[in-house]
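Q: First the structure, then my questions, so here it is.
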Amino acid sequence: MPVLTTMLRFDLRAPGCTPAQTAALYDACLEICAWADARGISGASLSEHHGTDDGYLPSPVPLASAIAARTSHLRIMIAALLVPMYDPVKLAEDLVVLDHISRGRATTTAGIGYRAEEFEMFGIPYAERARIFEEKIEVMLKAWSGERFEWRGRPLQVTPAPYTKPHPPLLMGGQSPAASRRAARFGLPFQPASDDQALHALY
C-alpha cells in the first residue's frame, strides 16, 4: 500500500452541540486518527482557541496524548499552542508526558496568540504578550534540561526527562519578521503561520 502524505486537521468546532454530541465528536476524532494511522496517512494537526461560541478546541495537549495512545505511526502537530495562556512549568511537564506517550511523534508550534479576548479571559496583558511569550519559552527550555533552577523565586525541577533530546519537538510560530528573529534567538525552527508547505515539510 502506498504511503499517503495527507495531513488531517482538527479544531473540533461544532456550534450548538449538546455535551453528549461533543463527547461523540471527540470520539470520532480519535477513531479517524486510528483509521488514518492504519492506512499510512502522515499526520494530524490540532489547533487551539478559547472562549468561542462554536466549541473550538481549548486544550490540545490532552487530545494529542489521546491520539498518541491510539496510534503508532501518525505524526501529531499542535499548531499552534498558545503559550502565554499557560503556566510554563506545568506546560513543560505536560509536553514531556506527551513526548513519552507519542515516543517523539508529537511536535508543538508555540504561538503568541492574537485574540485580545483570550488574553482578557486569562488575565494576561495583551500589550505585553511578546515579553510574556519569550519568558515562558525560556522557562520551558530550562525546565526540559532536568536541572534545578529558580524562576520568580520558585524552586523548580521538571521530571521525567524528555523522551526526545534535547527537548520535546518545538517550533516557533508567527507571521512577521520579528517572529522569525525570535525563533533564531532561541535556536528553534520557525513555522510561518498558515504556511501549508512548512507544515507538510515536517512529515
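The values are calculated or read from the model by the stated rules, or taken from the named source; none is laboratory data. This is a predicted model, so every value here is computed, not measured. Quick reminder, even Gly has a Cβ in these numbers, built from the backbone with ideal geometry, and neighbours come from all protein chains shown. When the accessible area is computed, the model is the full protein with side chains, heavy atoms only, and any ligands, DNA or RNA have been set aside. Shrake-Rupley method; radii C 1.70, N 1.55, O 1.52, S 1.80 Å.
Q: Just checking, does the stretch 23-46 include any residue being open to solvent by less than 10 Å² (accessible area, probe 1.4 Å), under 25 Å from MET140 (Cβ atoms) and either in contact with a helix residue (DSSP H, G or I) (Cβ under 6 Å, 6 or more places away or on another chain) or hydrophobic (A, V, I, L, M, F, W, C) (or both)? Break it down into steps so the answer makes sense when it comes.
A: Kept after step one, since they are open to solvent by less than 10 Å² (accessible area, probe 1.4 Å), are these residues of the stretch 23-46: 29, 33, 36, 43-46.
Right, trim to under 25 Å from MET140 (Cβ atoms) and you get 43-46.
After this cut, where a residue has to be either in contact with a helix residue (DSSP H, G or I) (Cβ under 6 Å, 6 or more places away or on another chain) or hydrophobic (A, V, I, L, M, F, W, C) (or both) as well, the list is 44, 46.
Checked against the condition, which is being open to solvent by less than 10 Å² (accessible area, probe 1.4 Å), under 25 Å from MET140 (Cβ atoms) and either in contact with a helix residue (DSSP H, G or I) (Cβ under 6 Å, 6 or more places away or on another chain) or hydrophobic (A, V, I, L, M, F, W, C) (or both), the stretch 23-46 yields at least one hit.
Q: Could you list, in sequence order, all residues of the stretch 103-151 that are of a type in the set (Ser, Thr, Tyr) and modelled with pLDDT of 95 or more?
A: Taking the stretch 103-151 and keeping what is of a type in the set (Ser, Thr, Tyr), we get 107-109, 114, 126, 145.
Once the filter is applied, which keeps residues that are of a type in the set (Ser, Thr, Tyr) and modelled with pLDDT of 95 or more, the stretch 103-151 yields THR107, THR108, THR109, TYR126.
Q: Among the listed residues ASP94, ASP99, ASP87, which satisfies the condition of being among the charged types (D, E, K, R) and touching a Phe, Trp or Tyr at 6+ places or on another chain (Cβ under 6 Å)?
A: So the residue among ASP94, ASP99, ASP87 that is among the charged types (D, E, K, R) and touching a Phe, Trp or Tyr at 6+ places or on another chain (Cβ under 6 Å) is ASP99.
Q: Right, next: Can you list the helices (runs of 4 or more DSSP H) lying wholly within the stretch 14-130 that have 1 or more residues being in contact (Cβ under 8 Å) with a residue 24 or more places away in the chain and polar (S, T, N, Q)?
A: 19-38, 60-70, 88-102
Q: Looking at (1) among the hydroxyl-bearing types (Ser, Thr, Tyr); (2) open to solvent by 50 Å² or more (accessible area, probe 1.4 Å); (3) closer than 26 Å to SER42 by Cβ, which is the one condition that is false for THR159?
A: (3)
Q: The conditions are (1) surrounded by 13 or more Cβ atoms within 10 Å (Cβ to Cβ); (2) more than 30 Å from VAL158 (Cα to Cα), and ASP94 fails exactly one of them. Which is it?
A: Of everything listed in (1) surrounded by 13 or more Cβ atoms within 10 Å (Cβ to Cβ); (2) more than 30 Å from VAL158 (Cα to Cα), ASP94 misses just condition (2).
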